[in-house]
1. Would you check if Asp105 is modelled with pLDDT under 95, outside any loop (DSSP other than H, G, I, E, B) and among the acidic types (Asp, Glu)?
2. Within the range 128-163, can you find the residues that are out of contact with any helix residue (DSSP H, G or I) (no Cβ under 7 Å at 6 or more places or on another chain) and of a type in the set (A, V, I, L, M)?
3. Of all residues in the range 37-49, how many are in contact (Cβ under 8 Å) with a residue 60 or more places away in the chain, open to solvent by 20 Å² or more (accessible area, probe 1.4 Å) and in contact with a Pro (Cβ under 9 Å, 6 or more places away or on another chain)?
4. Out of (1) touching a residue at least 12 places away in the same chain (Cβ under 8 Å); (2) more than 14 Å from Lys63 (Cα to Cα); (3) charged (D, E, K, R), what's the single condition that is false for Asp178?
5. Of all the strands (runs of 3 or more DSSP E) wholly in the range 110-227, which have at least 1 residues that are open to solvent by 40 Å² or more (accessible area, probe 1.4 Å) and over 25 Å from Leu33 (Cβ atoms)?
6. List every residue pair whose Cβ atoms sit under 7 Å apart, with the two residues 6 or more apart in sequence or on different chains, where the first one lies in the range 16-36 and is more than 20 Å from His160 (Cβ to Cβ) and the second, anywhere, is of a type in the set (Phe, Trp, Tyr).
7. Out of all the residues in the range 74-100, which are more than 18 Å from the chain's Cα centre (by Cα) and not in a loop (DSSP other than H, G, I, E, B)?
8. Which numbered condition in (1) among the β-branched types (Val, Ile, Thr); (2) touching an Asp or Glu at 6+ places or on another chain (Cβ under 6 Å); (3) under 17 Å from Ala53 (Cβ atoms) is the only one that Thr209 fails?
Amino acid sequence: MTEQKPGQLHSSWQAVLGDELHQPYMETLRAFLTQEKAAGKVIYPPSPLIFNAFNHTPFDQVKVVIIGQDPYHGPNQAHGLSFSVPNGIALPPSLQNIFKEIASDLNIKMSRNGDLTKWADQGVLLLNATLTVEQAKAGAHQGKGWERFTDAAIAALNHHREGLVFVLWGSYAQKKGDMIDANRHLVLKSVHPSPLSAHRGFFGNHQFTTINQYLTQRGQAPIDWQL
């Protein structure tokens, strides 16, 4: 087996999404990213981290999928995992609220470390709908092709796997998750954890308990959410 190069899509995902990488829309997307960089624009996350979520959570090891929208667009924040920031970076407001809900739901103390790699390595696919963004321009790379690629990833999980937990926070994630078969998988929905909506049903939704109960019932190890 050939060794994986940094930034390359994990072989387990290449097996199910390899055809997507050669579709015309991906060629167009690659050309767009090359052009933006040539124009001196700063793109997040750094190239080797674009497929970080897939590379930390191989296709056959996915247990839970948490769908985000865009990478963070501030310096040093985005590292290819939805809602996550590297250790040492201030927690963004939505992540603060996620940690508050985990602390309350599971009665555990959370640190100020916003790096969610530990979750990813346990089978939590932290998937943004769009995998790149321009510095200081939220949504700059929406509609360029990434959504089609990440839709294909969700469709592959929906069809080829069974008993996954899909976590859809907010209307954007819920729309993206329309294709998921709720008879084959557990689909959890709530408002988004952002400060604008968290008090309307994110706090107190006990979804982290629900996820672990579901995994345990299926004979799988629960996720250790504590950071």
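1. Taking the combined requirement at face value, the residue does not satisfy it.
2. Listed by number, the residues that qualify are Val133, Ala136, Ala138, Ala140, Leu157.
3. Residues meeting the conditions: 2.
4. Going through (1) touching a residue at least 12 places away in the same chain (Cβ under 8 Å); (2) more than 14 Å from Lys63 (Cα to Cα); (3) charged (D, E, K, R) one by one, Asp178 breaks only (1).
5. Passing ranges, in order: 186-190.
6. Met26/Phe149; Leu29/Trp146
7. Lys100 - this is the single residue of the range 74-100 that is more than 18 Å from the chain's Cα centre (by Cα) and not in a loop (DSSP other than H, G, I, E, B).
8. Among (1) among the β-branched types (Val, Ile, Thr); (2) touching an Asp or Glu at 6+ places or on another chain (Cβ under 6 Å); (3) under 17 Å from Ala53 (Cβ atoms), the lone unmet condition for Thr209 is (3).
The values are calculated or read from the model by the stated rules, or taken from the named source; none is laboratory data. All values reported here derive from a predicted model rather than from experimental measurement. Here Cβ is always computed from backbone atoms with ideal geometry, including for glycine, and neighbour counts include all displayed protein chains. All accessible areas refer to the heavy atoms of the entire protein, side chains included, with ligands and DNA or RNA removed. Shrake-Rupley method; radii C 1.70, N 1.55, O 1.52, S 1.80 Å.
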